[in-house]
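Below is one structure, written out as structure tokens; the observations come after it.
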Amino acid sequence: MKRRYVALAVVVPVWALLLPLQPAVGAGDDGDAGTSEQQLPAVDDIRFSPEEMAESYKLEAQAEWQPAAGRIATEIRDLYPDAFVAARSTFTTFTVVFAGAAPEGALRMLDSVPVDVEIVEGVGVPEATVLELVDSITKTVAPLAAPSQGFSIYPDPEKKSVEVELYPVAGMERADAPLSEFETAVRAAIAQLDARGVVVSVSAREMPGGVDDTSYGQAGGTPLNLSSNGSAACTSGFVVKVNNGPDLGVYTSAHCPNNLRQANTNSNPNFNFDFRAEHLGPYGDHQWMRSPVMMDFWFHYNTGLGRPVTGTGYAVVGNYVCKYGRTTARTCSTVTSVNNTVTTLNGTASRITFVSGVISDSGDSGGPVYVGTVAVGLTKGRDPMKNVSWFSTTDWAMLNLSTHICIDGTSC
């Protein structure tokens, strides 16, 4: 593993730091584009062709080192919150960005990354600082929104920027306050916050563009139906166990119903899960449910195909990840950003990861996001207008729900 240093200290004009609010470039274009009906991709257009599927297996094999490197990045982030800015990767390199000089301890931790490591120093604002600002913005904006109004927040610590986007929520009647009044109130409220050297932009789009959760598994990655009437609902993620106790079950999304049933496609009988806990808010979108039967520590990675879970990891920008869902099966793409905030009909969730392209559809929510046999997330939703899909990280699910993902070959 080679280590390469890049000194990229960026001098930001003083006036930029003193203007925490400025219109986003092209903000009007988003609004204009939203005046016509947004066409959502058909399920058959989302599903991979045989050629795309074959290529996805090749790329996934090349990306198998990435979740472990991402895990190292999260450890550096936690140990050096005043220094760590961001991490990103290609298939052959791993880059870590620091606001100042890279701590020696962080450099030693990166020695175990099996590809060339690029160290960027003197760039950006620490991620911890930006996420504190994001949390403040979320708490400030949420009370200002009418029931039909939502918002997304896109932080970029490396660029010292946070973008706040306002829009109508898909599926809601729009009979309350105009979006322009919401935008004016948001700008005024954010101007009162301490931006701490971060430039905050606010924009609005008049059409939701399909911004929505993909909502409505024994092993993970199996269909979940409503226990009341058997209607299709979501997909399970990974098999988990409560930290202090014997209960075993599965993850899915918190925006999925709490009364779900395993929908077996084989001779095994269906059974109802017992809802235990959920979180849809500052740290993602996830719930866990107790299973009344023993479960295998495997997950479906494609239709009729399973893999054992051998570990958990964290995906950073540039990582290649795959997901499985009951509707669109296996699809894969590249992480484009992390720690985003999104609003749907089901509420506002933060610490959400974006991948390129619309690779999920209704019914896929809660399904496993993975690289090889490593668990990294749970499918959440998509935004066709921005051509992205979303997932909630398993790191936050394990922490918030006091559970852990079961690893094959252990007693969990």
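Just to be sure I understand, how many residues within segment 326-382 are of a type in the set (A, V, I, L, M, F, W, C) and on the phi > 0 side of the Ramachandran plot?
1
Given (1) modelled with pLDDT under 95; (2) of a type outside the set (Asp, Glu); (3) open to solvent by 50 Å² or more (accessible area, probe 1.4 Å); (4) in contact with a strand residue (DSSP E or B) (Cβ under 9 Å, 6 or more places away or on another chain), identify the lone condition not met by TYR283.
(1)
Would you point out which residue out of ALA349, ALA397 is closer than 24 Å to PHE151 by Cβ, hydrophobic (A, V, I, L, M, F, W, C) and touching a His at 6+ places or on another chain (Cβ under 6 Å)?
None of the other options fit; the residue is ALA397.
Would you mind finding the one in GLY124, GLY171, GLY150 that is assigned to a loop (DSSP other than H, G, I, E, B) and either surrounded by fewer than 19 Cβ atoms within 10 Å (Cβ to Cβ) or modelled with pLDDT under 95 (or both)?
One residue alone meets the criteria, GLY171.
Assigned to a loop (DSSP other than H, G, I, E, B), surrounded by 14 or more Cβ atoms within 10 Å (Cβ to Cβ) and on the phi < 0 side of the Ramachandran plot, is that true of VAL117?
Spelling it out, it is not the case that VAL117 is assigned to a loop (DSSP other than H, G, I, E, B), surrounded by 14 or more Cβ atoms within 10 Å (Cβ to Cβ) and on the phi < 0 side of the Ramachandran plot.
Among the residues of segment 326-345, is there at least one that is surrounded by fewer than 20 Cβ atoms within 10 Å (Cβ to Cβ) and among the hydrophobic types (A, V, I, L, M, F, W, C)?
Taking every residue of segment 326-345 in turn, at least one turns out to be surrounded by fewer than 20 Cβ atoms within 10 Å (Cβ to Cβ) and among the hydrophobic types (A, V, I, L, M, F, W, C).
Kindly indicate whether TYR314 is at pLDDT 95 or above, touching an Asp or Glu at 6+ places or on another chain (Cβ under 7 Å) and surrounded by fewer than 24 Cβ atoms within 10 Å (Cβ to Cβ).
Values: at pLDDT 95 or above: yes; touching an Asp or Glu at 6+ places or on another chain (Cβ under 7 Å): yes; surrounded by fewer than 24 Cβ atoms within 10 Å (Cβ to Cβ): no.
No.
Can you list the strands (runs of 3 or more DSSP E) found entirely within segment 326-412 that contain at least 1 residues being over 14 Å from the mean Cα position of the chain (by Cα)? Step through it out loud before you land on a result.
Working: elements: 329-344, 347-356, 368-371, 374-383, 388-393, 403-405.
Ranges flagged: 329-344, 347-356, 368-371, 374-383, 403-405.
Might you let me know whether segment 67-83 holds any residue that is within 26 Å of VAL369 (Cα to Cα), in contact with a helix residue (DSSP H, G or I) (Cβ under 8 Å, 6 or more places away or on another chain) and among the aromatic types (Phe, Trp, Tyr)?
Scanning segment 67-83, I find no residue that is within 26 Å of VAL369 (Cα to Cα), in contact with a helix residue (DSSP H, G or I) (Cβ under 8 Å, 6 or more places away or on another chain) and among the aromatic types (Phe, Trp, Tyr), so the answer is no.
Kindly evaluate ALA349 against the criterion of being open to solvent by less than 10 Å² (accessible area, probe 1.4 Å), among the aliphatic types (A, V, I, L, M) and over 23 Å from VAL141 (Cβ atoms).
It is false that ALA349 is open to solvent by less than 10 Å² (accessible area, probe 1.4 Å), among the aliphatic types (A, V, I, L, M) and over 23 Å from VAL141 (Cβ atoms).
When only residues in segment 39-81 that are within 19 Å of the chain's Cα centre (by Cα) and polar (S, T, N, Q) count, which is nearest to THR334 (Cα to Cα)?
Among those residues, the one meeting the criterion is GLN66.
From GLU163, GLU181, grab the single residue that is more than 19 Å from ASN346 (Cα to Cα) and at pLDDT 95 or above.
Only one candidate qualifies: GLU163.
Only residues that are more than 14 Å from PHE354 (Cβ to Cβ), open to solvent by less than 10 Å² (accessible area, probe 1.4 Å) and among the β-branched types (Val, Ile, Thr): list them for segment 373-398, please.
THR394
Can you name every residue in segment 188-200 that is surrounded by fewer than 17 Cβ atoms within 10 Å (Cβ to Cβ) and under 11 Å from VAL141 (Cα atoms)?
ALA188, ALA189
The values are calculated or read from the model by the stated rules, or taken from the named source; none is laboratory data. Since we're looking at a predicted model, the values are computed, not measured. All Cβ positions, even for glycine, are placed from backbone atoms using ideal geometry, and neighbour counts span all protein chains on display. Accessible surface areas use protein heavy atoms only, side chains included; no ligands, DNA or RNA. Shrake-Rupley method; radii C 1.70, N 1.55, O 1.52, S 1.80 Å.
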